[in-house]
């Protein structure tokens, strides 16, 4: 059997910070870049603990407008447009030829899908995508549709607590509630107004993860959305299973599984 030629060494360093992406430390020679796409109402800081959990991977998180340091900006109202802005930021921030993976949770799952489509069109292929809080199935855009613009602030905050992504004591703080409610509503409207096109198909592997008790999981025909392999991983817990148990093993498994294949850029 012919000896496999060694893979070329590629630096995956990240260029200077971009307003649409946040990172907390530079990994000297990372094996890959992981860009995390937050859930509705989420901010980059949700993924900061992952830096220590993934020491050989450069962790970045998308910073949507309307929250944290970008609270003075108007929240995005179009998911495809949001994805285009994130993809452009990734193209600017990641060194060409470096390995790239996307992780999107809940709202972040379709954002990751559309971001990967844009990156493919830009000639920046994604090596793998993890859609968390999402399971494979026939997508019904009308299913569980809730137009939060018709809800009171109290109903919006109660919904956040029910899904488990936010501490109840924080939600009881009127200052915190006043800060997050506008962009939680905006994100939910953005998600529910999104109409997914079946093409273009991706080429990368897709892993979907959903809690066994998740009644709020995003549902999409993931195996039809890529020409690559699709794997679904059910996991104990609800919609925000990853707060207590981040799927670090699944991330590293995908990164190193792809690394073992002959990848042609």
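The values are calculated or read from the model by the stated rules, or taken from the named source; none is laboratory data. Please read these numbers as outputs of a predicted model, since none were measured by experiment. Here the Cβ is made from the backbone with ideal geometry for all residues, glycine too, and neighbour counts use every protein chain on show.
Here residue 190 fulfils each of the conditions (1) surrounded by 20 or more Cβ atoms within 10 Å (Cβ to Cβ); (2) modelled with pLDDT under 95; (3) part of a loop (DSSP other than H, G, I, E, B) apart from (3). None of 227, 210 is exposed (fewer than 13 other Cβ atoms within 10 Å of the Cβ), touching a strand residue (DSSP E or B) at 6+ places or on another chain (Cβ under 9 Å), closer than 18 Å to residue 102 by Cα and at pLDDT 95 or above except 227. In summary, residue 218 fulfils each of the numbered conditions (1) at pLDDT below 85; (2) within 18 Å of the chain's Cα centre (by Cα) with the single exception of condition (1).
Criterion applied to 5, 112, 83 was being modelled with pLDDT of 95 or more, out of contact with any helix residue (DSSP H, G or I) (no Cβ under 7 Å at 6 or more places or on another chain) and either surrounded by fewer than 22 Cβ atoms within 10 Å (Cβ to Cβ) or closer than 30 Å to residue 219 by Cα (or both), and the one residue passing it is 112.
Scoring residue 124 on the criteria (1) touching a helix residue (DSSP H, G or I) at 6+ places or on another chain (Cβ under 8 Å); (2) touching a residue at least 60 places away in the same chain (Cβ under 8 Å); (3) over 15 Å from residue 40 (Cα atoms); (4) not in a helix (DSSP H, G or I) leaves a single failure, condition (2). Residue 175 fulfils the conditions (1) more than 21 Å from the chain's Cα centre (by Cα); (2) buried (at least 16 other Cβ atoms within 10 Å of the Cβ); (3) at pLDDT 70 or above except for a single criterion, (2).
Per-residue answers, yes or no, for (1) crowded, with 19+ Cβ neighbours inside 10 Å; (2) at pLDDT 95 or above:
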| residue | (1), (2) |
| --- | --- |
| 19 | no, no |
| 34 | yes, yes |
| 48 | no, yes |
| 52 | no, yes |
| 75 | yes, no |
